[in-house]
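Step one of this worksheet: look at the structure below.
The values are calculated or read from the model by the stated rules, or taken from the named source; none is laboratory data. It should be emphasised that the depicted structure is a prediction, and the values quoted were computed from it without experimental measurement. Because the Cβ atoms are built from the backbone with ideal geometry, glycine has one as well, and the counts that use them run over all protein chains shown.
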Amino acid sequence: MASSTDLSRINESSDTGKQQNRVVAEEEWLQKWEANNIGFHNEQGHPLLKKHLDLLLNGRSGLRIFFPLCGKAVEMKWLADMGHNVIGVEFSEQALKDFFTEQNLSYSEESIPEISKAKVFKSTSGNISLYCCSIYDLSSKIAGKFDGIWDRGALVAVNPCDRERYANLMLSLMDKNCSYLLATVSYDPNKYKGLKGSATSS
């Protein structure tokens, strides 16, 4: 369970070194998808989500579950098949179309009046809605609030200078009893220089 204290304390320290000033433009992510340079995508689904699913669901059914920077995560269909409503956001339109194609799901495409040039892709079943836009353009007024959030790599993917902004956005999207499940890797920064994107425990 995440609280406002947990998420609002996301800060960078000297341990992250040069990563404090790292800036990855949205165009770079688009290029990765175009070149199929997506080693971060797991075709089998993330094992930690399966292992700790009970923490996310907390005995509840029919939840609204959010996937920030969702890509074409196969877990979205997995949770939708369980009866949950899945909402994702991703800047790459190709990633979202690939998701529906690879999962053999028919979908509709709609514009989002509140966000210029943005789209939302909805499964014909009605329980998967994927927004194609900058994550920072999304709000609870557009997407509603969520009962659960599965953050697999989104926190570390955003630029360090945007971490506080990202944390505040997540807080604004969380319903009262929302469960926030965050996949992390713990390592000693003195022995390993770290990933391209990382965050400290502080």
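Table for the structure above
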| item | result |
| --- | --- |
| Among residues of the stretch 30-63, those that are touching a helix residue (DSSP H, G or I) at 6+ places or on another chain (Cβ under 9 Å), charged (D, E, K, R) and modelled with pLDDT of 95 or more, counted | 0 |
| Within the stretch 156-168, tally of residues that are among the hydrophobic types (A, V, I, L, M, F, W, C) and in contact with a helix residue (DSSP H, G or I) (Cβ under 7 Å, 6 or more places away or on another chain) | 2 |
| Residue within the stretch 146-158 that is within 30 Å of Gln44 (Cβ to Cβ), surrounded by fewer than 20 Cβ atoms within 10 Å (Cβ to Cβ) and either of a type in the set (S, T, N, Q) or modelled with pLDDT of 95 or more (or both) present | no |
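Okay, residues lined up against (1) touching a helix residue (DSSP H, G or I) at 6+ places or on another chain (Cβ under 8 Å); (2) at pLDDT below 95; (3) part of a strand (DSSP E or B); (4) under 16 Å from Gly45 (Cα atoms):
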site: Met76; (1), (2), (3), (4): yes, no, no, yes
site: Leu79; (1), (2), (3), (4): no, no, no, yes
site: Gly83; (1), (2), (3), (4): no, no, no, no
site: Gln94; (1), (2), (3), (4): yes, yes, no, no
site: Phe100; (1), (2), (3), (4): no, no, no, yes
site: Asn104; (1), (2), (3), (4): no, no, no, no
site: Ser108; (1), (2), (3), (4): no, no, yes, no
site: Phe121; (1), (2), (3), (4): yes, no, yes, no
site: Leu130; (1), (2), (3), (4): yes, no, yes, no
